[in-house]
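To start, the structure under review is shown below, and the notes come after it.
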Amino acid sequence: MTSVPRAIVLLSGGLDSATCLAIAREQGFETYALSVAYGQRHVAELTASKRVAAALGATEHRLARVELGQFGGSALTDPGIAVPEDVEADGIPVTYVPARNTVMLSIAMAWAEVLGARDVFVGVNAVDYSGYPDCRPAFIEAFQAMANLATKAGIEGHGLRIHAPLMTLSKADIIRRGTALGVDYGLTVSCYQAADDGRACGRCDACRLRRAGFEAAGITDPTPYLNRNG
């Protein structure tokens, strides 16, 4: 008998990562969901990750903690930096968290090696995104190469594969794909400054991208917005 392959899925609790978890399950992986508390202000997303992991049948859901917030430098970790609202930023926005995806993928890499998993899924996207440098194909390719130099598994020929299945999809396409796979987006939280109960501000970049995605997909947006009209 061939055992079912295992995969680590980075699960923030947002729309993209929930879709990624559903895709990994569809591809036949036994899924292990990994969320990371990195000092983010939008902790409602972590609460949502528990709901999503349970709803999509993850075998296990772990919460790792790493305090990137102690360094500040991002509107998502530093309360002294306001989350932009209704402003299209030029260049890399202040919501970029230095080293976030590098750190989270490193933790996923460690857990994968312990579990004997050769696959890690991450919901990064280079189409409808905010301009973050660690959401590009070149970053994912470089991380995979590094992982296979840095691990016992990689050196022994059991290399790690980093999957970014949403990389070239629009937000509308992501929503259509997830809906077809049975994702309940009402369980997810994407807002950068969501209330503790998960209600979204309706004004930040994440809210604008999410709302526009549902509109373009022709699917009812289940998000509870504090300010639906933005």
query = Looking only at helices (runs of 4 or more DSSP H) that fall completely inside the stretch 111-216, which ones have 1 or more residues that are of a type in the set (D, E, K, R), surrounded by fewer than 19 Cβ atoms within 10 Å (Cβ to Cβ) and at pLDDT 95 or above?
reply = 137-150, 171-180
ask   = Just to be sure, is Ile174 in contact (Cβ under 8 Å) with a residue 24 or more places away in the chain, out of contact with any Phe, Trp or Tyr (no Cβ under 9 Å at 6 or more places or on another chain) and under 30 Å from Gly116 (Cβ atoms)?
value = yes
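Yes/no per residue for (1) of a type outside the set (Ser, Thr, Tyr); (2) assigned to a loop (DSSP other than H, G, I, E, B):
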position: Ser12; (1), (2): no, yes
position: Ser49; (1), (2): no, no
position: Ala53; (1), (2): yes, no
position: Pro93; (1), (2): yes, yes
position: Asn101; (1), (2): yes, no
task = With respect to Leu160, determine if the residue is touching a residue at least 40 places away in the same chain (Cβ under 8 Å) and either touching a Ser or Thr at 6+ places or on another chain (Cβ under 8 Å) or among the small types (Gly, Ala, Ser) (or both).
result = yes
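The values are calculated or read from the model by the stated rules, or taken from the named source; none is laboratory data. Everything numeric here is computed off the predicted structure, so don't read it as measured data. Cβ: placed from backbone, ideal geometry, glycine included. Neighbour counts: every protein chain shown.
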